[in-house]
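Heads up, the thing below is written out as structure tokens.
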Amino acid sequence: MTDATLILFVATSGVLIATPGPTVLLALSNGSRHGVRAAGWGMAGALLADLLLITIVACGLGVVLAASEVAFQALKWAGALYLAYLGWRLLRADAALVVPGAGASQPLDRRALFLRSFLVALTNPKALLFMSAFLPQFIDPRMALLPQYATLALILAVLNLAAMLAYAVLGARLVQLFRAGALRWLNRVCGGLLIGLAALLALYRRQAP
């Protein structure tokens, strides 16, 4: 893997990751509802899921799973239903109870934040298909595969973390400026977008080989 290949990978991945997706929206929501530090638990869940997906691709299982229509449909509908559920929860969320810094707030469930982002990232079949088709293009088959996949995984982790952190900080700053009104607005926007992404995922069809 040459330096030029790495630069191309960083540039391409950066553009793709900058496009808001489910995990980025969850980081925005978590940052606004619980603060940046607490949102880190959700980021950790998303990063772990990404590393698992890359491991699956590196082991060659990504091609097998991508080729299975049953596995694809099961993963697709599980992801779509879970996104819709999270979106519905955000639409119904009570902003007054979860403003960061408020005197009385609901106890923070770090495990729930971690699992939500983990499951959202792991049950997205488009991510698996993307990694199965995208990552091998930057792998030199004449060189050891494990170090190359480890390098790409590290780059993706850094880029994903930077994107999620930026959105979490944005959410926290908006709430600090506008308090409960901004949080209620963000809940509705993020909830609506998650439901929209769920619908798009449910309608998603793989292109015929």
Exercise. Does the stretch 195-204 contain any residue that is modelled with pLDDT of 75 or more, open to solvent by 40 Å² or more (accessible area, probe 1.4 Å), closer than 19 Å to Arg92 by Cα and under 21 Å from the mean Cα position of the chain (by Cα)?
Worked result: yes
Exercise. Which condition breaks for Leu129 when tested against (1) under 16 Å from the mean Cα position of the chain (by Cα); (2) in contact (Cβ under 8 Å) with a residue 24 or more places away in the chain; (3) within 30 Å of Ala38 (Cα to Cα)?
Worked result: (3)
Problem set entry | In the stretch 141-158, the residues that are open to solvent by 70 Å² or more (accessible area, probe 1.4 Å) and either in a helix (DSSP H, G or I) or not hydrophobic (A, V, I, L, M, F, W, C) (or both) | Pro141, Arg142, Leu145, Leu146, Pro147, Leu154, Val158
Exercise. Hey, Arg37 hits all of (1) among the basic types (Lys, Arg); (2) at pLDDT 75 or above; (3) buried (at least 20 other Cβ atoms within 10 Å of the Cβ) but one; which does it fall short on?
Worked result: (3)
Exercise. If you go through the stretch 17-27 one residue at a time, do you hit one that is more than 13 Å from the chain's Cα centre (by Cα) and under 23 Å from Ala84 (Cα atoms)?
Worked result: no
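If you check Ala93, Ala71, which single one turns out to be surrounded by 15 or more Cβ atoms within 10 Å (Cβ to Cβ) and at pLDDT below 70? Before you say what the answer is, go through the steps one by one.
On the way: Ala71 fails: surrounded by 15 or more Cβ atoms within 10 Å (Cβ to Cβ).
That would be Ala93, the only listed residue that is surrounded by 15 or more Cβ atoms within 10 Å (Cβ to Cβ) and at pLDDT below 70.
The values are calculated or read from the model by the stated rules, or taken from the named source; none is laboratory data. In this text the structure is predicted, and so the values were computed from the model without any measurement. All Cβ positions, even for glycine, are placed from backbone atoms using ideal geometry, and neighbour counts span all protein chains on display. The protein model used for the area step is the full one, side chains on, heavy atoms only, and it has no ligands, DNA or RNA in it. Shrake-Rupley method; radii C 1.70, N 1.55, O 1.52, S 1.80 Å.
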